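The structure appears below as structure tokens.
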Amino acid sequence: MRYACLFLALLVAPIPGAHAGPLEEALTLDRQGFIGETVPHWEAFIASGPEKNLDIYSNIKLCLALHKMGRLMDAYKTAGKLAERYPEDFHAQFNLANMGGGIRRFAEAAEAYKKVTEMHPDEGLGKVGLGLSLFGDRKTEPALEILREAKRLFKKQKIISWYQNTRIMIGQMKSFAPYPPDFSDLWLSNNLKNIRDTYYRTLFLEYEKGLNL
């Protein structure tokens, strides 16, 4: 009888995670590397109307998941709606800039990166993104000037790796001058990807840590 009761207790015992909300589900799948499977859970959590910080965070994570799945336009549209909702938020604008660059919407990306640099003038990564986006928009001289500003900033801040990266970018950008505009497309895409990846593993990661999820 005792064993029968124990068996029945096991049958009705709650399964860990069985009643987890969409945020917990999304975080669990994300941390296990199942990025594509997080999408419906992020969407469900966003639809529940979370407070500002979690709304920004979950939308950016949704953008990352959509981007990884190759749904680049969906990621860009999601980023755009988030930035419209929070026009003065650094991370919402940086994410929009990153997603715009990912689909070669260089003018829109430049506009968002410009807002980022205005919010945080001492954040050099946004300046590099702005310079690259201006170059993608065929505005080479303004792009070079912005990159020179970023280089001086990195030197002042003693961020040697990005100082060197920016110095090399300036030289490479100048070297593209005699060639057709599309000659630099792969170079530009790779450098914008580096900006995007660096932002998400540094600045956005710090934002995530502050949420104590």
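The values are calculated or read from the model by the stated rules, or taken from the named source; none is laboratory data. Values in this document were obtained by computation on a predicted structure and should not be read as measured data. Cβ atoms come from the backbone with ideal geometry, glycine included; neighbour counts cover every protein chain shown.
Could you grab me the full set of residues in segment 164-203 that are of a type in the set (Val, Ile, Thr) and either in contact with a helix residue (DSSP H, G or I) (Cβ under 8 Å, 6 or more places away or on another chain) or not in a helix (DSSP H, G or I) (or both)?
Correct list: THR166, ILE170, ILE195, THR198, THR202.
With the checklist (1) free of Cβ contacts under 8 Å to residues at least 40 places away in the same chain; (2) closer than 19 Å to PHE106 by Cα; (3) not polar (S, T, N, Q) in hand, flag the one item LYS158 doesn't pass.
Looking at each condition in turn, LYS158 falls short on (2).
Yes or no, residue by residue, for (1) among the β-branched types (Val, Ile, Thr); (2) touching a residue at least 40 places away in the same chain (Cβ under 8 Å); (3) out of contact with any Phe, Trp or Tyr (no Cβ under 9 Å at 6 or more places or on another chain); (4) on the phi < 0 side of the Ramachandran plot:
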residue: GLY80; (1), (2), (3), (4): no, no, yes, yes
residue: ARG85; (1), (2), (3), (4): no, no, yes, yes
residue: VAL116; (1), (2), (3), (4): yes, no, no, yes
residue: ALA143; (1), (2), (3), (4): no, no, no, yes
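One line per residue, one yes/no per condition, for (1) buried (at least 24 other Cβ atoms within 10 Å of the Cβ); (2) assigned to a helix (DSSP H, G or I); (3) among the polar types (S, T, N, Q):
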{"site": "GLY80", "(1), (2), (3)": "no, yes, no"}
{"site": "GLU88", "(1), (2), (3)": "no, no, no"}
{"site": "ASN95", "(1), (2), (3)": "yes, yes, yes"}
{"site": "ASN98", "(1), (2), (3)": "yes, yes, yes"}
{"site": "GLU111", "(1), (2), (3)": "no, yes, no"}
{"site": "GLU149", "(1), (2), (3)": "no, yes, no"}
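Could you please let me know if LEU130 is part of a helix (DSSP H, G or I), closer than 30 Å to LEU54 by Cβ and not charged (D, E, K, R)?
yes
Every residue, every condition in (1) surrounded by 14 or more Cβ atoms within 10 Å (Cβ to Cβ); (2) of a type in the set (A, V, I, L, M, F, W, C); (3) more than 21 Å from ASN98 (Cα to Cα), yes or no:
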{"residue": "GLN164", "(1), (2), (3)": "no, no, yes"}
{"residue": "MET169", "(1), (2), (3)": "yes, yes, no"}
{"residue": "MET173", "(1), (2), (3)": "yes, yes, no"}
{"residue": "TRP187", "(1), (2), (3)": "yes, yes, no"}
{"residue": "ASN190", "(1), (2), (3)": "no, no, no"}
{"residue": "LYS193", "(1), (2), (3)": "no, no, no"}
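Considering every residue within segment 126-143, establish whether at least one is surrounded by 15 or more Cβ atoms within 10 Å (Cβ to Cβ) and farther than 18 Å from ARG104 by Cα.
There is no residue in segment 126-143 that is surrounded by 15 or more Cβ atoms within 10 Å (Cβ to Cβ) and farther than 18 Å from ARG104 by Cα.
Within segment 76-85, can one find any residue that is closer than 20 Å to GLY210 by Cα and modelled with pLDDT of 95 or more?
Checked segment 76-85: at least one residue is closer than 20 Å to GLY210 by Cα and modelled with pLDDT of 95 or more.
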